[in-house]
Structures are given as C-alpha cells and as structure tokens.
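Since the structure comes first, as structure tokens, the remarks are kept for the end.
Derivation of every value follows stated rules applied to the coordinates shown; laboratory data play no part. Note that this is a predicted model, so its numbers are computed, not measured. Note that we place each Cβ from the backbone using ideal geometry, even for glycine, and neighbour counts take in every protein chain shown.
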Amino acid sequence: MSLDTPYRAIFCDLVTDQTLDILPLRDVSFEDYIGRAGSLSGTVPVPDRAMAERAHKIKPGRTTVYLERGGFLWWGGIVWTTNLQGSDRGVVTLGIQAATFDSYASRRRIRTDALRFTQVEQFQIVRRIWQELGAGLGASTIEPGDDVPSEPVPRTASWRLGDETVYQEALDQLGAYTDGVEYQVLVYRDPSDGRRVRRLRLGSPRIRTGATDMVFDRPGTILSYSLPDDATRGGTTSLARGATVNANAAAESRPTLSSEIPSEGLPDRWPQLDLSTDYNDISDKNTLDALATAVLKEAQGSVLIPEITIRLSEVVPSALLGRTARLRITDEWHPTGLDARYRIVGVKVRPAERGRPDTAELALEAP
C-alpha cells in the first residue's frame, strides 16, 4: 500500500450497511482512540446540481462513512452532524462531522432489566452490553470478537430499567477498575469476501498490540512532541460516591461513600489534592473503594499525557493503538537523551495537503 493512494470516502446507510455513494472529501482529519470515541471532519464540495443530488443522501444519524486507502479501511463511523454552507463567492460545501461506532454508546440509554450480572466474567458482561446496544444498529451491528482474558475477573454489576443509565457510563464503569476492561471497535474488510466488519476488541487491564516496540527518534522520525505535566488533573487522595440508599424516609438522603484512599509512594512535599468520582448505580462500599483506588492509581500526583507527531507510515492507524512506543529524544531539554516507553492510546491523522506530508499525532500513556 502506497501513501500516494488517495482516500475514498464511502457513505453507507446505517441500518442496512448498503453503500449510498463514494464522494470526494476535502480538509479531512480523523482520530481513533482506545476506550472512547474518535472523530472525523471533512468537507464535500458541491460544485453543481449533480453533486448536490448525490450529497443529499448523507443524513445525520442515519449514515455511516468509511475512509478507504489502498484497499484498507482506515476509519469508520457514524455521521452525526452536517453543515451546509454557501459562501459570498457562490461556493457551496457540505461539512461532515462523524464519530467512530463506539460513539453510539453515548446516544443510547439502558431501558431493559436484562443487564444484571452476579459474579460473571467481565468480558462476557461487556459483550452482553454491546449485544444489547448493537441491536439498534441493524446491519451495522458490532461483532463480539473472540478475545480471551489472560486471567478471568468475575464482576457483579446491574443496571435497571428506569434509571436511564447511558450505555457509555456502564462501559466506563467496567473500565474504571484497576483490572477492568478496555475496548476498541475495529473496522476492516473481511479478507475472504471483502465485506465491512465492525468488531469489538477487548483487553484487561490494557489492550496491547505487537510483541516488539515501535522506536521513534528525535532527531529522526519525531517531527514534534509535547510532554504536558498537569497537576490540575491529579491528586493525592481519592473518594468515590455511590448510589443514595435511604431505608428511613424521615432521614436525610445521603450517597454511599468509599473510604478516602491516600496516595502511596509519592515523593515528599506534595500538598493534599482531592479527587472525587461519582457512580450513581453502585451502593457496595467495597466496590466503591476499588474504583476510588483505581482513579488514584491513574492520576496520582500530576498527570503526564505525552504526544508526538510523526510522518505517517503505511500502517493502518487503528493498528497502532495498543502498540508500545519507545521514545528516544536528544535536545536542549534532554542533553543526555530521553529513553522512555509508552503505550499508544490515540491516533490523529492529518492527510497530506499543499506540500505537507501525511502526519499522525500519537497520544501516549505509561505502559
């Protein structure tokens, strides 16, 4: 596959997955992440009536878009917003805003009593949630995949009809534990028949891809980097608030609380910085303690979220997620050289334009 091959934007009906049209898409940027939705933006030029008739088929909330390059699907998701614009020069364009298929979880609420689990392996719970959720997608449903946990982790969890819990909140809850579940929706063509596949990929506690590190150097592969160190997002204590339980109607309603979890292993001279999270569906204190501990583990002290920008290789961007990146940087700030390993959790792609090469911005976290 050559990066000189242009992108094809394939628009399809969401419920039937039937191709509607293949349209030009300009000013494209797209991103994909582990555990949360990625986005795509682009513009369909409308130079004449014929193109307008074709672009009329794009209906927000009812249309999917796939980016294809060299026979491979690089991105896929749901068109949620369009913006028709006519300029003072008479130029008409249709702006497209889409999000990966996992964004559907934030648009649905649990309205069934079927999602109640007692000591069920957590991969099975996540697959059952996606099965219930994906039934609303018609032919574009998410296939469950066959990932097996390295160590089974049973969970007790339930979401009730009437609580109006967003499916995304239930998935986030299962991923919040130290040994929780991460997910990613992979989009690709089945090599046997060429059909478009949307498959659920699971990992615990982390999704990992590849047995060897991807090495990025500066000077070299890394065009630019950013190493923000943010104490506003970190803390030294953590407390989780759960569901309100009130057996006495005359008493004040109060939420269930975890213990206040203190930090461990931080260097001296840190002030107290408090973290707080809410889990409105949980009333078990031990579960809340585990969730508060997991939050502190991820955000103890300050939060470092490195990003690097590289020239895009021929790897399909979604295949980068979960890989281990080894950064080797030598510059004024790192005169003796930085040599650190991170996991790739996000990819943002900017296609080549006006002499600028294809680039990928990688979001990283501690491995």
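Among the GluC sites (Glu not before Pro) in the range 183-281, those placed in a DSSP loop whose Cβ has at most 10 other Cβ atoms within 10 Å are E252, E264. DSSP beta bridges fully contained in the range 108-203 are about 95 percent antiparallel. Taking a straight line from the alpha carbon of K59, these aspartates and glutamates sit under 17 Å away, with near neighbours fewer than eight places off in the same chain left out: D13, D17, D21.
Sorting T232, T16 by the number of Cβ atoms found within 10 Å of their own Cβ, with the fewest placed first, yields T232, T16. Which is the longest run of the chain containing none of the trypsin sites (Lys or Arg not before Pro) found in DSSP loop states (not H, G, I, E, B) with at most 11 other C-beta atoms within 10 Å? Excluding the exposed sites themselves, the longest stretch runs over 90-194. 3J(HN,Hα) couplings calculated from phi for the range 118-132 with the Karplus curve 6.51 cos²θ - 1.76 cosθ + 1.60 (θ = phi - 60°) are, in sequence order, 10, 6, 10, 4, 5, 4, 5, 5, 4, 4, 5, 4, 5, 5, 5 Hz; Gly and Pro show x. Taking each residue as 0.36 nm, the span from V215 to A139 lengthens on full extension beyond its C-alpha to C-alpha distance by 23.4 nm. Among F11, F216, a tally of other beta-carbon atoms within 10 Å of each Cβ gives an order, fewest to most, of F216, F11.
Suppose R0 equals 30 Å. What FRET efficiency, 1/(1 + (r/R0)^6) with r the Cβ-Cβ distance, do D146 and T81 give to the nearest 0.05? After rounding to 0.05, the efficiency reads 0.30.
Using a simple charge model, +1 on the beta-carbon of Lys and Arg, -1 on the beta-carbon of Asp and Glu, nothing else, what dipole does the chain show about its Cα centre, in debye to the nearest 20? In total the dipole reaches around 960 debye.
Please report how far the C-alpha centroid of the range 7-23 lies from that of the range 81-104, rounded to the nearest whole angstrom. A separation of 16 Å, based on Cα centres. Ranked by how many other Cβ atoms sit within 10 Å of their own Cβ, fewest first, the residues W270, W333 fall in the order W333, W270. Over the chain, DSSP H runs of length four or greater, each weighted -39,500 (n - 2.57), average out per residue to a 222 nm ellipticity of -3500 deg cm²/dmol.
Tell me the GluC sites (Glu not before Pro) within the range 308-367 that lie in a loop according to DSSP and have at most 12 other beta-carbon atoms within 10 Å. Here the GluC sites (Glu not before Pro) that fit, given the DSSP loop and packing criteria, are E314, E332. Based on C-alpha pairs under 8 angstrom that are at least 6 apart in sequence, the chain has a relative contact order of 15 percent.
Normalised by the number of residues in the range 1-139, the average gap of Cα pairs under 8 Å and 6 or more apart makes the relative contact order 24 percent. Can you tell which of A99, A325, A231 shows the greatest fluctuation in a Gaussian network model of the chain with Cα springs below 10 Å? Top of the fluctuation ranking is A231.
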